[in-house]
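Chemist: First, the structure itself, so that you have it in front of you.
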Amino acid sequence: MAKRDSFSSRFAVLVALIGSAVGLGNLWRFPYLVGTNGGAAFIIIYLFFVFVLCTPIVFSEFLVGRRTQCNTFGAFKKLAPGTKWNWVGLIAVISASCVLAFYSVVGGWTIDYLVKAVTFRFTTSDQGQLASMFTDSVSSVWEPIIYLVAFLGLTCFVVVKGVKDGIEKFSKMVMPLLFVLVVAIAVNSLLLPGSQKGVDFLFKPDFSKVTAETFLNALGQAFFSLSIGCGTIMTYASYVSKKENIAVTSSLTGVFDTLFALIAGVAIMPAVFAFGISPSEGPGLVFITLPHIFAQMPGGSVIAIAFFVILFIAAITSSISLLEVPVAYLKEEFNMSRGKSVTICFFLLLGLGVLSSLSQGVLSYFKIFGLNFFDLFDFMSANVFMTGGGLLLVLFVGWKLKKEDFMDEMSNGGTLKIKRWFLECVYFIVKYVAPLVIIAIAIASIIK
Ligand code: PHE
């Protein structure tokens, strides 16, 4: 068999993993959640979840991928042959495809808005007009589908070239640009008169706003932002060398993802407040509120271009990691060439994407459990597949995999000098704390 593709260095692994983690979640959800859930108070809770609870889960996902050097389905088959555990690998494949089914539609919108920014279409500062521009664009039939094809096509174009020549090369090229641009916009935002209010909104601790829901929000966001539970980390980790330090690489991914989210907050919120607008979350923030601000800002048309470049890069690097999950599965489990598995995924995902896209317009009346296609994919992936997948993963690593195997993989067969107490703590969290917290949060969400 041909040698399996792999990342060429620690830096390459890290940029690819950060590319997967940094996405729309950091830009359109995190700043808003921080502001409405008590500012610094929320950040403290979020940091706790990211580093104490979720990073050990990232270790677990990483460990399964790196140990087996297989796609998600193959990985469980290898570690627990002849059992039903390989279904967990299949759930990851479904989960990643489900995220892509709506994420790639939004990815298409980012190209649409990048084109609008480059052709200076945000000239009106009338928010009503910008709102209808957005609704008209996303609810029309062909325009969003054309952009969806472009976005998915680009994603496939990178993935088809393979891990080293596609994913790694592309991530190394765009991720530094992403950080430079977001820092530049953050500095510009802070220099606007009246920006202090936005900084206060983000960072002033207000413990009175902390409720049970704050914890739910923080954990849900941490899961989504770190890309836990849909096989992307496991799949990328399967291309990582046996010499890599799992704990260091995974923790750095969490650090950069959080750092990016905070800088994005500083880029967005001060500008929102400087222009006296109330912040929102989701598509409304990035596709309506921000163009409204760009139209009034000195140099706004250039900043608009930079901003939509950021949004596009953030979305596409996450989509690439998601696509690699089903592609690796088809390629390895059905012995296909990379080209063939990418082509099959392209058409399947295009079908699902078209349904999501049309559900914003002509198909909006068609609902399953009261949700249109777009919302259904969003709901199913975040609430069912990612959470369920994350739970099954920690149960597998904590209860099915042998403890020695866990310790062996984390310490690279004992060659890394990692403190035993640290590994014992991580193991304890994976085995007991993480499953209980995930179950508790799931129950709380259902009650809510
Ligand atoms: N972490 C990405 C974001 O913040 C989304 C994502 C989820 C990417 C799951 C890959 C896997 O937008």
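Read-outs: derived from the displayed coordinates by stated rules, not from any lab. Since we're looking at a predicted model, the values are computed, not measured. Reconstructed Cβ throughout: ideal geometry from the backbone, glycine too, with neighbour counts over all protein chains shown.
Chemist: With θ set to phi - 60° and the Karplus curve 6.51 cos²θ - 1.76 cosθ + 1.60, what are the ³J(HN,Hα) couplings of the range 284-296 in order, to the nearest whole Hz, using x for Gly and Pro?
Modeler: My calculation for the range 284-296 gives x, 5, 7, 9, 10, 4, 5, x, 4, 6, 4, 5, 9 Hz in order.
Chemist: In the range 57-87, which residues have a backbone nitrogen under 15 Å from the label point lying 7 Å from residue 415's Cα in the Cα-to-Cβ direction?
Modeler: Residues 67 fall inside that zone.
Chemist: Now for a separate question. Towards the positive end of the charge dipole of the chain, with charges on Cβ (+1 Lys, Arg; -1 Asp, Glu), say which of 199, 391, 298 has the farthest Cα.
Modeler: The residue sitting farthest along the positive end of the dipole is 391.
Chemist: A further question on this structure: Applying the Karplus parametrisation 6.51 cos²θ - 1.76 cosθ + 1.60 with θ = phi - 60° to the phi angles of the range 375-386, what ³J(HN,Hα) value in whole Hz is obtained for each residue in order, glycine and proline being reported as x?
Modeler: 5, 5, 4, 4, 5, 4, 6, 5, 8, 9, 6, 5
Chemist: Additional query: Suppose a student asked you for the relative contact order of the chain, using Cα pairs under 8 Å spaced at least 6 residues apart; what percent would you report?
Modeler: 34 percent
Chemist: Could you list the residues of the range 213-235 with an amide nitrogen less than 12 Å from a label point located 7 Å from the Cα of residue 36 in the Cα-to-C-beta direction?
Modeler: What the label zone holds, given the 12 Å backbone N cut-off, is 214, 217.
Chemist: Sort out for me the Cα centre separation of the range 400-448 from the range 314-380, rounded to whole Å.
Modeler: 31 Å
Chemist: So, one more: For an R0 of 25 angstrom, estimate the FRET efficiency from the Cβ-Cβ distance between residue 87 and residue 164 and round to the nearest 0.05.
Modeler: That gives a FRET efficiency of 0.25.
Chemist: Still on this structure, I have one more. Please sort 285-292, 3-10 by packing, taking for each peptide the average over its residues of neighbouring beta carbons within 10 angstrom, highest first.
Modeler: By packing density, highest mean first, the sequence is 285-292, 3-10.
Chemist: Next question. Describe numerically, in nm with one decimal, the distance between label points set 7 Å from Cα along Cα→Cβ at residue 135 and at residue 248.
Modeler: A separation of 5.4 nm, rounded to one decimal place.
Chemist: Could you compute the net charge surrounding residue 172? Neighbours are other residues with a C-beta less than 15 Å from the C-beta of residue 172; K and R count +1, D and E count -1. Each step should come with its number before you reach the end.
Modeler: On the way: positive: 10, 161, 164, 169; negative: 165, 168.
Summing Lys/Arg as +1 and Asp/Glu as -1 gives +2.
Chemist: I'd like the distance between the alpha-carbon centres of the range 82-134 and the range 247-297, rounded to an integer number of Å.
Modeler: Each part reduced to its Cα centre gives a spacing of 17 Å.
Chemist: How about residue 402: which lysines have a C-alpha closer than 20 Å to its C-alpha, ignoring those fewer than 8 places off in the same chain?
Modeler: Leaving aside lysines fewer than 8 places away in the same chain, those within reach of residue 402 are 77, 78, 84, 242, 419, 431.
Chemist: Name the helices (complete DSSP H segments) of the chain with a Cα length along the long axis of 15 Å or more and a Kyte-Doolittle mean of at least 0.0, or state none. Present the calculation step by step, with values, prior to reporting the outcome.
Modeler: Numbers: long enough: 10-21 (16 Å, 1.92); 55-68 (20 Å, 0.40); 86-118 (47 Å, 1.43); 127-139 (18 Å, 0.04); 142-160 (26 Å, 2.04); 169-191 (35 Å, 1.87); 212-225 (20 Å, 0.64); 246-274 (42 Å, 1.83); 300-333 (50 Å, 1.61); 338-358 (29 Å, 1.48); 434-447 (20 Å, 2.84).
Sorted by number, the helices that extend far enough and score high enough are 10-21, 55-68, 86-118, 127-139, 142-160, 169-191, 212-225, 246-274, 300-333, 338-358, 434-447.
Chemist: Given Cβ point charges of +1 (Lys, Arg) and -1 (Asp, Glu) and nothing else, what value in debye, to the nearest 20, does the dipole of the chain about its Cα centre take?
Modeler: Dipole about the Cα centre, nearest 20: 1240 debye.
Chemist: Just going by the charge dipole of the range 71-154, with Lys and Arg at +1 and Asp and Glu at -1 on Cβ, which of 146, 93, 124 is farthest out on the positive end?
Modeler: 93
Chemist: A further question on this structure: Find which of 406, 268, 16 sits farthest along the positive direction of the dipole of the chain, computed with +1 on the beta-carbon of Lys and Arg, -1 on that of Asp and Glu, about the Cα centre.
Modeler: 406
Chemist: When the chain is fully extended, how far beyond the present Cα-Cα distance does residue 149 get from residue 125, taking 0.36 nm per residue of separation?
Modeler: Extending this stretch completely gives an extra 5.6 nm.
Chemist: Another question about this same structure. Mind ranking 114-120, 428-434 by how tightly packed they are, going by the mean number of other C-beta atoms within 10 angstrom, highest first?
Modeler: Numbers: 114-120: 14.9, 428-434: 18.7.
Ranking, from highest mean packing down: 428-434, 114-120.
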